[in-house]
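Heads up, the thing below is written out as structure tokens.
Laboratory data are not the source of any read-out in this text; all were calculated from the coordinates shown. These figures come from a predicted structure and were not determined experimentally. Virtual Cβ from ideal backbone geometry, glycine too; neighbours counted across all protein chains shown.
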Amino acid sequence: MTFLDLAKKRYSCRSYSDRPVEPEVLKQILSAAHVAPTGANRQPQRLIVVQTKEAMEQLGKAANLHGAPMAIVVCADRDVVWTRECDHKQITDIDATIVTDHMMLAAADLGVDSVWICAFDPTIVRTAFQIPDHWDIVNILALGYGNGPVKSPDRHDTERFPMETYTKTV
């Protein structure tokens, strides 16, 4: 499978079976996070793997997890992240996003479905998992095996704006 085929295969899954993600599969997904590039190789990503029923119930108070059997709370540590010198922009969101994207694509390659969740209450998440104040909680990646129809890889032909609308060649 080419990279483009893999990227087209991945979709936002919003209905999951009860089947747990196997430990060896999860390890491969986390390995993709480990090799993801970060600004100046600072590696600010901090991942909270949520698997127990009790922990998922706590996380479910902060976000709609769509019935996923597990999730990863993706954070970035502001104390170690690279900061752009000219305007002091910290790239916590960028680094965490790259890490999340690597995990989503690795999951898709392994037959695991996912949905990237940004609609959550960070206060509930921070309290439930005792997340330090200097960690930005960037997103939640729900993972599991889909329970329903898989979206067509060809959907991008009709669901996306034409490339010309957002691409400029100079």
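Considering only the range 4-27, state which residues are touching a helix residue (DSSP H, G or I) at 6+ places or on another chain (Cβ under 7 Å) and crowded, with 16+ Cβ neighbours inside 10 Å.
K8, K9, R10 - these are the residues of the range 4-27 that are touching a helix residue (DSSP H, G or I) at 6+ places or on another chain (Cβ under 7 Å) and crowded, with 16+ Cβ neighbours inside 10 Å.
Which condition breaks for A68 when tested against (1) more than 20 Å from A106 (Cα to Cα); (2) small (G, A, S); (3) out of contact with any Asp or Glu (no Cβ under 8 Å at 6 or more places or on another chain)?
Of (1) more than 20 Å from A106 (Cα to Cα); (2) small (G, A, S); (3) out of contact with any Asp or Glu (no Cβ under 8 Å at 6 or more places or on another chain), only one is false for A68: (1).
Checking the structure you have, find out if any residue of the range 117-132 is at negative phi, touching an Asp or Glu at 6+ places or on another chain (Cβ under 7 Å) and of a type outside the set (A, V, I, L, M). Reasoning before the result, please.
Start the filter on the range 117-132 by keeping residues that are at negative phi, which leaves 117-129, 131-132.
In the following step, the residues that additionally are touching an Asp or Glu at 6+ places or on another chain (Cβ under 7 Å) were identified as none.
Checked the range 117-132: no residue is at negative phi, touching an Asp or Glu at 6+ places or on another chain (Cβ under 7 Å) and of a type outside the set (A, V, I, L, M).
Could you list, in sequence order, all residues of the range 21-53 that are part of a helix (DSSP H, G or I) and of a type in the set (D, E, K, R)? Spell out the reasoning first.
Pass one, the range 21-53, residues part of a helix (DSSP H, G or I): 23-35, 39-41, 53.
Selection gives E24, K27, K53.
Scanning the range 125-170 for residues that are closer than 30 Å to G111 by Cα and among the aromatic types (F, W, Y), which turns out nearest to the chain's Cα centre (by Cα)?
Checking each candidate, the answer is Y145.
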